[in-house]
Amino acid sequence: METKLTQEENRHYVRQMIVPGWGEAGQLRLKQSRILVIGAGGLGAPVLLYLAAAGVGAIGIADGDYVEGSNLHRQVIHGIEDLDRPKVASAAEKLRRSNPHVLVTEHTFPVHAGNADSLIAQYDLVVDCTDNFTTRETIALTCRKAKIPLVSGAAQITDGTITTFTPYKGAAHPCFNCLYPRSPGSDLTPGCSQIGVAGPVLAVIGGLQAMEAVKEIIGMGDSLSGRVLVYDALSARTEEIALERRGACPCASACEEERRAVNS
């Protein structure tokens, strides 16, 4: 494990290391961290670019899709020259070009219940940039079982939301299903291909996701666990909603079982 920054890295990151609460120690924690970004589309684009620029030591990119022309108004990590390429390969190329200090690993496949455990176990933190609820539930459940922080974002039309899930920390930290209780297999909302999405909204939410991931790794500021930040682009307003654990949620009984096992 790296125990210090190189002279080149110190020069590269000097403007963020002078931020209060960041410092060289925080930068070293970023260098030592492994972050998985699931989804290399509209949200994943700014998340990946900013995490690489910030100096996260190892970034994994997971996505099974290919770049299409209709992606380009919002998925700013891709360009015309990337059409029909795997999104993971396109994104990885941009990250390696932008910051040679970052190790980028390509996972060119969709994440599902059959591979989520082995994939997520390789990382310290996950950023969910996917756009369907089945996948998001799978990611959230896997992160909860593995006790790995999950930074989750979503956007549609001109609105977006972001929160962090760390339900394994106790009752004050609700899970994905506390926010979205529903019957398995049913999606709550149509995708952006049906209702649309404004590109800059994804930049806002993705940028917030990147910052929350940095905060979790460094240990600075207040976590969004237990809070949902809602962004309304048309009114240029944000709102914070308190999120509490639902007593009937599976995460409550699961955490109680884990507590009993530890104390037995």
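The values are calculated or read from the model by the stated rules, or taken from the named source; none is laboratory data. Note that the structure is predicted; figures quoted are calculated from it, not measured. When we count neighbours, we look across all protein chains shown, and the Cβ atoms used for this are built from the backbone with ideal geometry, even at glycine.
For region 224-249, a residue qualifies if it is among the small types (Gly, Ala, Ser) and closer than 17 Å to THR163 by Cα, and the qualifying residues are SER225, GLY226, ALA242. Restricting the first member to region 164-176 and to residues that are modelled with pLDDT of 95 or more, and the second to residues that are of a type in the set (Val, Ile, Thr), the beta-carbon pairs closer than 7 Å and six or more apart or on different chains are THR164/VAL151.
Taking first residues from region 196-207 that are over 19 Å from VAL228 (Cβ atoms) and partners that are hydroxyl-bearing (Ser, Thr, Tyr) and at pLDDT 95 or above, the Cβ contacts under 7 Å between residues at least 6 apart in sequence or on separate chains come to ALA198/THR158.
For the structure I just gave you, tell me whether ILE61 is of a type in the set (Val, Ile, Thr), out of contact with any Gly (no Cβ under 7 Å at 6 or more places or on another chain) and not in a loop (DSSP other than H, G, I, E, B). The answer is yes for ILE61. Screening ASP159 against (1) modelled with pLDDT of 95 or more; (2) exposed (fewer than 13 other Cβ atoms within 10 Å of the Cβ); (3) of a type in the set (D, E, K, R) leaves a single unmet condition, (2). Close Cβ contacts (under 7 Å, 6 or more residues apart or on different chains) running from residues in region 99-117 that are at positive phi to residues that are surrounded by 13 or more Cβ atoms within 10 Å (Cβ to Cβ) and not in a strand (DSSP E or B) are absent. The set of residues from region 49-69 being surrounded by 24 or more Cβ atoms within 10 Å (Cβ to Cβ) and under 14 Å from HIS107 (Cα atoms) comprises ILE59, ILE61, ALA62, ASP63. Taking the criterion of being more than 27 Å from ALA203 (Cβ to Cβ) and under 14 Å from the mean Cα position of the chain (by Cα), no residue of region 145-176 qualifies. The listed residues are LEU48, LEU36, LEU28, and the only one of them that is under 29 Å from GLY199 (Cβ atoms) and in a helix (DSSP H, G or I) turns out to be LEU48.
Take the conditions (1) over 16 Å from the mean Cα position of the chain (by Cα); (2) surrounded by fewer than 16 Cβ atoms within 10 Å (Cβ to Cβ); ASN132 misses just one of them, which is (1).
The criterion of being within 24 Å of GLN75 (Cβ to Cβ) and either in a loop (DSSP other than H, G, I, E, B) or modelled with pLDDT of 95 or more (or both) does not hold for ILE148.
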